[in-house]
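None of the figures in this text is laboratory data; all of them are computed from the coordinates on show. Please read all numbers here as calculations on a predicted model, not as lab measurements. Quick reminder, even Gly has a Cβ in these numbers, built from the backbone with ideal geometry, and neighbours come from all protein chains shown.
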Amino acid sequence: MDAIELMVSEHNNIKRMLKVIRVMCIKVLNYEEVDFDDFYKVIDFVRSYADRHHHAKEENILFKKMGDELGEKIAKGPVAGMFVEHDMGRHYMANLETALHKLKEGDMDARVDVIANAISYTDLLNRHIDKEDTAIYTFAKRALSKEAMEEVEKSCSDVESEAAQRGIQDKYIKLIIEFEKKFL
């Protein structure tokens, strides 16, 4: 398994969901009925697939290996920027969840907060993914030693196997397909 190709593939899955989120926000903007369950499924997708499954491989395996092998200049520079953006995404999801709760309780002004946080997340992640795919991953493949890349491959393979046993990939790919049919 090529860990970088796998992470790029996961990015493509995440971008598919980002398109869905945008359409969901347009429905909120147009005062259509808000399907709270669908928004909560999006939050679960982001937290479980994009963050715990995908970002964890980046943060705990690839970025850690880059920092360890390539030094502080990388760890405190471009890699640190990726960590910051991951945290920003988590912040937007927490705010989205709060806004949904307020809207569900009848605070109609919270519609704008739902849209603002969901769209901010989609914008952040689209730009973030582009940086990782075109710069960070390319640099890692070029700069890390063969041995370091083999360790990354092995660790990512272990994560994938464990996640497959729990059905993580299947569950969230099915959700993407379901939402693409429903919203796109």
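Scanning the range 130-138 finds one or more residues that are under 18 Å from Asn12 (Cα atoms), among the aliphatic types (A, V, I, L, M) and touching a residue at least 24 places away in the same chain (Cβ under 8 Å). Here the condition is being loosely packed, with under 13 Cβ neighbours inside 10 Å and in contact (Cβ under 8 Å) with a residue 24 or more places away in the chain; of Met1, Met24, Met66, Met7, it holds for Met1 alone. Looking only at residues of the range 137-184 that are assigned to a helix (DSSP H, G or I) and hydroxyl-bearing (Ser, Thr, Tyr), we find that the one that is surrounded by the most Cβ atoms within 10 Å (Cβ to Cβ) is Tyr172.
The lone criterion from (1) touching a Cys at 6+ places or on another chain (Cβ under 9 Å); (2) more than 21 Å from Asp38 (Cβ to Cβ) left unmet by Glu132 is number (1). Looking at (1) out of contact with any Phe, Trp or Tyr (no Cβ under 7 Å at 6 or more places or on another chain); (2) assigned to a helix (DSSP H, G or I); (3) among the aliphatic types (A, V, I, L, M), which is the only condition Met108 fails? Failing condition for Met108: (2). When the helices (runs of 4 or more DSSP H) confined to the range 1-104 are screened for residues that are in contact with an Asp or Glu (Cβ under 7 Å, 6 or more places away or on another chain) and of a type outside the set (S, T, N, Q), those reaching at least 3 such residues are found at 3-29, 78-104.
Taking the range 26-59 as the range and being among the hydrophobic types (A, V, I, L, M, F, W, C) and either under 30 Å from Ser155 (Cβ atoms) or under 18 Å from the mean Cα position of the chain (by Cα) (or both) as the test, the residues that pass are Phe39, Val42, Ile43, Phe45, Val46, Ala50, Ala56.
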